[in-house]
Amino acid sequence: MTRIAVVGAAGRMGRILIEATQRDEQAELSAAVVRPESSLIGADVGEVTGQGRLGVALSGSVEEVIGQFDVLIDFTTPALTLENLALCAAYGRRMVIGTTGFSDEQLAELEGYADRLPFVFAANMSTGINLTTNLLTTAARALGDAGFDIEIIEAHHRHKVDAPSGTALMLGEAVAEPLGRDLKQEGVFERHGQIGARREREIGFSTIRGGDIVGEHTVLFAGDGERIEITHKASSRLTFGNGAVRAAHWLMEQGPGRYDMQDVLGLKG
Ligand code: NAD
C-alpha cells in the first residue's frame, strides 16, 4: 500500500485526486490538506469531495500530517508547491507535483531539490499526452528542418490562470529539443499587428480559453502542399489523477531525483 496525502484537496484537481486514490486498490488516502483559513478543516474529505465518508479529516497544514503519508500529491500553486518541497525534503517524504506556471527562478529552486528527495514533476500526468510527446519527437526529427512550420494550439476551461498551458510548453520542448531550437529564442507567444512574415525556425503558440474544456493540444507541422496535425484531447481530468497515483506508487522504489512521467511510464531509452 502507498500512503498518499493530497494537498489542495478541495480544488478542481484535488477532488479528482481524491477520487483517483479511491479507485486504486494499492493506494491509501491517509491525509488531505486544504488552505489554513478554510472552513472545511476537520470535515471528512470524502463527504466534502462527493466520495462518501472516508474517515480522513481535512487538515489545514501539510506539516501537521507529515508523519501520516509516504507521498504528497500536489496540484496547487508554484509558491505552495515550493514550500511543500522544503517540508517533504526535511522529513524524508516523496512528492508528485502537477502544479504548472512556475517562473524560471521557481523552476531553478525546484530543480535544487533533485538531490534531496524523490519527486515526479510533470505538467501533464496523462498517459496519452506522454505518448504524444514521444510521437512528436519522432515527427520533429523527420519534418522540422524540411520546410515544415511548427505551431502549437491549446484550449482549456475558462478558469485556467496560466498561458500557454504547461502541457503546451512541454510539447514545445519535445519538438524544439531534437531540432536544436531554444523556446526562449524561437518560441512565439503573441502575434498582433504588422508583425512581418513568419521566421523559419519559429515555434508558435496559440491559446484558447473557454467553458469547461478539460485540455486539448494540437501540434501542427505545416509544409507546402500538406500538413500533419498531432492532437491529444483529454475528456476527463481523471486521466491526470490516475497518472498521479501511478507516479506515487512508482516513487516508492526510487532514490532522490527529479523524474517525469516518461520515467514513470518507462518511455525513456
Ligand atoms: P484550483 O485553483 O481549483 O486548485 C488550486 C488548489 O490549491 C486549491 O484547492 C487551493 O485551495 C489550493 N491552495 C492554493 N494556495 C494554497 C495554500 N496556501 N494552502 C493550501 N492550499 C492552497 O486549480 P486546479 O484546476 O485544481 O489546478 C491546480 C494546478 O494543477 C494548476 O497549476 C494546474 O495547471 C495544474 N494541473 C496539472 C495537471 C497535470 O496533469 N500536471 C492537470 C490539471 C491541472
Revision key, fill the gap. Restricting region 126-159 to residues that are modelled with pLDDT of 95 or more and in a loop (DSSP other than H, G, I, E, B), the one farthest from the chain's Cα centre (by Cα) turns out to be Phe148
Check your understanding: Among Glu200, Glu186, Glu226, which is more than 20 Å from the chain's Cα centre (by Cα), more than 30 Å from Ala5 (Cα to Cα) and at pLDDT below 95?
Key -> Glu200
Review point. Within region 194-269, which strands (runs of 3 or more DSSP E) (wholly inside it) include 2 or more residues that are over 17 Å from Leu72 (Cβ atoms), touching a His at 6+ places or on another chain (Cβ under 7 Å) and within 16 Å of the ligand (Cβ to nearest atom)?
Key: 215-222
Point to revise | Residue among Ala114, Ala123 that is of a type in the set (A, V, I, L, M, F, W, C), modelled with pLDDT under 95 and assigned to a loop (DSSP other than H, G, I, E, B) | key: Ala123
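The values are calculated or read from the model by the stated rules, or taken from the named source; none is laboratory data. The structure displayed is predicted, hence computed values, not measured ones. FYI the Cβ positions are ideal-geometry reconstructions off the backbone, even for glycines, and counts take in every protein chain you see.
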